[in-house]
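What follows is a single structure, written as C-alpha coordinates, with notes after it.
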Amino acid sequence: MAPIGFLKGASYVPRGLWFLLRNPRAWPFAVLPMLVNAVLLVGFLFAAWHLHDNVMGWIGPDDPAVWLEVPIWILSALLVVLGAAVSTLLLGGILSGPFQEKLSEVIEGIASEDPLVEEELSLKVLAMDTVGAMLGATERLGMFLLFVLPLMAMTLVPVVGIVGVVLLYTWSSFFLALQFSDPYLARRKIPRMEKIGRLRGQLAMSMGFGVALTALMLVPLLQIVLSPALVTGGTLMWIDADGDEA
(Lines give C-alpha, C1' and ligand atoms only; values in the text may rest on other atoms or scores of the structure.)
Protein backbone atom coordinates (compact mmCIF):
# COMPACT_ATOMS: atom_id res chain seq x y z
CA MET A 1 0.00 0.00 0.00
CA ALA A 2 3.05 2.28 0.01
CA PRO A 3 2.34 3.76 -3.46
CA ILE A 4 -1.18 4.66 -2.34
CA GLY A 5 0.16 6.33 0.80
CA PHE A 6 2.76 8.19 -1.28
CA LEU A 7 0.13 9.52 -3.70
CA LYS A 8 -2.19 10.36 -0.83
CA GLY A 9 0.57 12.42 0.81
CA ALA A 10 1.31 14.26 -2.44
CA SER A 11 -2.39 15.05 -2.82
CA TYR A 12 -2.37 17.23 0.32
CA VAL A 13 -0.46 19.94 -1.57
CA PRO A 14 -3.33 20.79 -3.97
CA ARG A 15 -5.90 19.95 -1.28
CA GLY A 16 -4.30 22.48 1.06
CA LEU A 17 -4.47 25.19 -1.61
CA TRP A 18 -8.10 24.41 -2.46
CA PHE A 19 -9.13 24.36 1.21
CA LEU A 20 -7.42 27.69 1.90
CA LEU A 21 -9.03 29.34 -1.12
CA ARG A 22 -12.47 28.21 0.03
CA ASN A 23 -12.06 29.55 3.58
CA PRO A 24 -11.51 33.34 3.70
CA ARG A 25 -11.53 33.19 7.49
CA ALA A 26 -7.96 31.88 7.32
CA TRP A 27 -6.64 34.42 4.79
CA PRO A 28 -5.44 37.08 7.29
CA PHE A 29 -3.07 34.54 8.83
CA ALA A 30 -1.67 33.64 5.40
CA VAL A 31 -0.64 37.13 4.30
CA LEU A 32 2.29 37.87 6.64
CA PRO A 33 4.21 34.62 6.02
CA MET A 34 3.87 35.29 2.28
CA LEU A 35 5.40 38.76 2.65
CA VAL A 36 8.26 37.46 4.82
CA ASN A 37 9.04 34.69 2.33
CA ALA A 38 8.92 37.09 -0.62
CA VAL A 39 11.59 39.38 0.83
CA LEU A 40 13.83 36.49 1.90
CA LEU A 41 13.54 34.60 -1.39
CA VAL A 42 14.59 37.55 -3.52
CA GLY A 43 17.69 37.98 -1.35
CA PHE A 44 18.62 34.30 -1.32
CA LEU A 45 18.08 33.88 -5.09
CA PHE A 46 20.32 36.86 -5.80
CA ALA A 47 23.07 35.38 -3.63
CA ALA A 48 22.59 31.82 -4.89
CA TRP A 49 22.73 32.70 -8.56
CA HIS A 50 26.11 34.33 -8.08
CA LEU A 51 27.33 30.93 -6.86
CA HIS A 52 26.02 29.07 -9.91
CA ASP A 53 29.36 28.91 -11.76
CA ASN A 54 31.09 27.66 -8.62
CA VAL A 55 28.48 24.92 -8.18
CA MET A 56 28.98 23.84 -11.80
CA GLY A 57 32.68 23.44 -11.07
CA TRP A 58 31.99 21.46 -7.91
CA ILE A 59 29.67 18.82 -9.36
CA GLY A 60 31.34 18.35 -12.75
CA PRO A 61 34.84 17.68 -14.05
CA ASP A 62 37.15 20.60 -14.78
CA ASP A 63 36.83 20.16 -18.54
CA PRO A 64 33.54 18.32 -19.18
CA ALA A 65 32.67 16.79 -22.52
CA VAL A 66 30.36 18.88 -24.68
CA TRP A 67 27.41 16.55 -24.12
CA LEU A 68 27.81 16.94 -20.33
CA GLU A 69 27.78 20.73 -20.24
CA VAL A 70 24.00 21.19 -20.48
CA PRO A 71 23.09 18.48 -17.90
CA ILE A 72 25.68 19.89 -15.47
CA TRP A 73 24.33 23.43 -15.99
CA ILE A 74 20.75 22.28 -15.37
CA LEU A 75 21.71 20.23 -12.31
CA SER A 76 23.69 23.08 -10.79
CA ALA A 77 20.84 25.52 -11.49
CA LEU A 78 18.39 23.19 -9.73
CA LEU A 79 20.75 22.94 -6.76
CA VAL A 80 21.12 26.71 -6.31
CA VAL A 81 17.37 27.29 -6.70
CA LEU A 82 16.59 24.50 -4.24
CA GLY A 83 19.18 25.92 -1.84
CA ALA A 84 17.62 29.39 -2.03
CA ALA A 85 14.13 27.95 -1.57
CA VAL A 86 15.04 25.83 1.45
CA SER A 87 17.03 28.70 2.99
CA THR A 88 13.97 30.93 2.62
CA LEU A 89 11.80 28.34 4.36
CA LEU A 90 14.31 27.87 7.16
CA LEU A 91 14.73 31.54 8.02
CA GLY A 92 11.14 32.32 7.11
CA GLY A 93 10.03 29.55 9.45
CA ILE A 94 11.86 31.23 12.32
CA LEU A 95 10.37 34.65 11.58
CA SER A 96 6.84 33.56 10.70
CA GLY A 97 6.56 30.37 12.79
CA PRO A 98 4.02 31.87 15.26
CA PHE A 99 1.76 32.93 12.38
CA GLN A 100 1.99 29.50 10.77
CA GLU A 101 0.90 27.88 14.02
CA LYS A 102 -2.03 30.28 14.25
CA LEU A 103 -2.96 29.47 10.65
CA SER A 104 -2.82 25.75 11.48
CA GLU A 105 -5.05 26.37 14.50
CA VAL A 106 -7.63 28.18 12.37
CA ILE A 107 -7.54 25.47 9.68
CA GLU A 108 -8.00 22.74 12.28
CA GLY A 109 -10.91 24.62 13.79
CA ILE A 110 -12.63 24.63 10.40
CA ALA A 111 -11.71 21.13 9.20
CA SER A 112 -11.74 18.98 12.33
CA GLU A 113 -14.74 17.70 14.24
CA ASP A 114 -12.53 17.47 17.33
CA PRO A 115 -9.99 20.33 17.18
CA LEU A 116 -7.30 20.80 19.79
CA VAL A 117 -8.53 22.96 22.65
CA GLU A 118 -6.06 25.85 22.86
CA GLU A 119 -5.17 27.73 26.03
CA GLU A 120 -7.11 30.93 26.60
CA LEU A 121 -5.27 33.71 24.82
CA SER A 122 -3.30 36.09 27.02
CA LEU A 123 -0.09 38.07 26.68
CA LYS A 124 1.76 35.36 28.59
CA VAL A 125 0.42 32.55 26.37
CA LEU A 126 1.10 34.60 23.23
CA ALA A 127 4.68 35.30 24.32
CA MET A 128 5.34 31.66 25.22
CA ASP A 129 3.84 30.40 21.93
CA THR A 130 5.87 32.91 19.93
CA VAL A 131 9.15 32.00 21.64
CA GLY A 132 8.34 28.29 21.35
CA ALA A 133 7.61 28.56 17.63
CA MET A 134 10.82 30.46 16.96
CA LEU A 135 12.91 28.04 19.04
CA GLY A 136 11.32 25.10 17.24
CA ALA A 137 12.16 26.61 13.85
CA THR A 138 15.74 27.26 14.99
CA GLU A 139 16.03 23.65 16.19
CA ARG A 140 14.82 22.39 12.80
CA LEU A 141 17.41 24.59 11.12
CA GLY A 142 20.16 22.93 13.16
CA MET A 143 18.82 19.47 12.37
CA PHE A 144 18.62 20.28 8.67
CA LEU A 145 22.20 21.57 8.54
CA LEU A 146 23.49 18.57 10.50
CA PHE A 147 22.61 16.32 7.57
CA VAL A 148 22.67 18.66 4.61
CA LEU A 149 26.23 19.95 5.05
CA PRO A 150 27.85 16.49 4.68
CA LEU A 151 25.56 15.75 1.74
CA MET A 152 26.49 19.03 0.07
CA ALA A 153 30.15 18.14 0.58
CA MET A 154 29.44 14.79 -1.07
CA THR A 155 28.03 16.55 -4.15
CA LEU A 156 31.42 18.21 -4.64
CA VAL A 157 33.09 14.86 -5.38
CA PRO A 158 33.08 14.08 -9.11
CA VAL A 159 30.85 11.13 -10.10
CA VAL A 160 29.91 10.39 -6.46
CA GLY A 161 28.35 13.86 -6.47
CA ILE A 162 25.34 12.50 -8.38
CA VAL A 163 24.60 10.13 -5.47
CA GLY A 164 24.95 13.08 -3.12
CA VAL A 165 22.37 15.03 -5.14
CA VAL A 166 19.87 12.14 -4.86
CA LEU A 167 20.43 11.84 -1.11
CA LEU A 168 20.18 15.62 -0.74
CA TYR A 169 16.83 15.62 -2.56
CA THR A 170 15.57 12.75 -0.38
CA TRP A 171 16.62 14.46 2.86
CA SER A 172 15.14 17.77 1.69
CA SER A 173 11.85 15.99 0.99
CA PHE A 174 11.69 14.45 4.46
CA PHE A 175 12.70 17.73 6.06
CA LEU A 176 10.07 19.74 4.19
CA ALA A 177 7.40 17.23 5.21
CA LEU A 178 8.47 17.86 8.82
CA GLN A 179 8.63 21.63 8.26
CA PHE A 180 5.03 21.87 7.09
CA SER A 181 3.75 19.27 9.56
CA ASP A 182 5.29 21.13 12.49
CA PRO A 183 2.63 23.86 12.94
CA TYR A 184 0.11 21.07 13.66
CA LEU A 185 2.42 18.85 15.72
CA ALA A 186 4.07 21.66 17.70
CA ARG A 187 0.73 22.89 19.04
CA ARG A 188 0.39 19.48 20.70
CA LYS A 189 3.73 19.99 22.49
CA ILE A 190 5.15 16.87 20.82
CA PRO A 191 8.94 16.49 21.36
CA ARG A 192 11.23 16.67 18.34
CA MET A 193 12.11 12.97 18.18
CA GLU A 194 8.46 11.97 18.53
CA LYS A 195 7.60 14.26 15.59
CA ILE A 196 10.22 12.47 13.50
CA GLY A 197 8.84 9.14 14.73
CA ARG A 198 5.35 10.11 13.62
CA LEU A 199 6.60 10.94 10.13
CA ARG A 200 8.50 7.65 9.98
CA GLY A 201 5.36 5.85 11.12
CA GLN A 202 3.55 7.33 8.12
CA LEU A 203 6.63 7.25 5.89
CA ALA A 204 4.96 6.71 2.50
CA MET A 205 2.46 9.50 3.11
CA SER A 206 5.11 11.82 4.57
CA MET A 207 7.53 11.26 1.68
CA GLY A 208 4.76 11.76 -0.87
CA PHE A 209 3.97 15.07 0.76
CA GLY A 210 7.68 15.96 1.00
CA VAL A 211 8.56 15.05 -2.60
CA ALA A 212 5.67 17.18 -3.87
CA LEU A 213 6.90 20.03 -1.66
CA THR A 214 10.47 19.72 -2.91
CA ALA A 215 9.28 19.81 -6.53
CA LEU A 216 7.41 23.02 -5.78
CA MET A 217 10.49 24.55 -4.15
CA LEU A 218 12.21 24.40 -7.56
CA VAL A 219 9.74 27.03 -8.79
CA PRO A 220 10.68 30.00 -6.56
CA LEU A 221 7.60 32.21 -6.97
CA LEU A 222 5.29 29.31 -6.15
CA GLN A 223 6.75 28.90 -2.68
CA ILE A 224 5.91 32.53 -1.85
CA VAL A 225 2.29 32.10 -2.88
CA LEU A 226 1.82 28.55 -1.66
CA SER A 227 3.60 28.54 1.72
CA PRO A 228 0.35 29.12 3.69
CA ALA A 229 -1.39 26.52 1.53
CA LEU A 230 1.38 24.03 2.36
CA VAL A 231 0.90 24.65 6.09
CA THR A 232 -2.80 24.03 5.43
CA GLY A 233 -2.02 20.82 3.56
CA GLY A 234 0.22 19.55 6.38
CA THR A 235 -2.50 20.31 8.92
CA LEU A 236 -5.15 18.50 6.87
CA MET A 237 -2.83 15.53 6.42
CA TRP A 238 -2.37 15.04 10.15
CA ILE A 239 -6.02 15.66 10.95
CA ASP A 240 -6.81 12.75 8.63
CA ALA A 241 -3.93 10.58 9.91
CA ASP A 242 -4.95 11.10 13.55
CA GLY A 243 -8.57 10.41 12.62
CA ASP A 244 -7.60 7.12 10.95
CA GLU A 245 -5.63 6.06 14.05
CA ALA A 246 -8.43 6.96 16.46
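The values are calculated or read from the model by the stated rules, or taken from the named source; none is laboratory data. Computed from a predicted model, the values in this text were never measured in an experiment. Here Cβ is always computed from backbone atoms with ideal geometry, including for glycine, and neighbour counts include all displayed protein chains.
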Practice task
Sort through 45, 68 and tell me the only one that's modelled with pLDDT of 70 or more and either under 28 Å from residue 143 (Cα atoms) or part of a helix (DSSP H, G or I) (or both).
Solution key: 45
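Tell me the helices (runs of 4 or more DSSP H) entirely within the stretch 117-213 that contain at least 3 residues that are at pLDDT 85 or above. Explain how you work it out, then say what you get.
Details: elements: 123-155, 160-186, 192-201.
By residue number, 160-186, 192-201.
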Practice task
Can you run down the residue pairs with Cβ atoms below 7 Å, 6 or more apart or on separate chains, where the first is in the stretch 14-29 and assigned to a helix (DSSP H, G or I) and the partner is exposed (fewer than 13 other Cβ atoms within 10 Å of the Cβ)?
Solution key: none
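Can you tell me which residue is nearest to residue 211 (Cα to Cα) among those in the stretch 1-13 that are assigned to a helix (DSSP H, G or I) and either among the β-branched types (Val, Ile, Thr) or at pLDDT below 90 (or both)?
So the first thing to find is which residues in the stretch 1-13 are assigned to a helix (DSSP H, G or I), and the list is 2-13.
This time we only want the ones that are either among the β-branched types (Val, Ile, Thr) or at pLDDT below 90 (or both), so: 2-4, 13.
Details: 2: 14, 3: 13, 4: 14, 13: 10 Å.
Out of the qualifying residues, it is 13.
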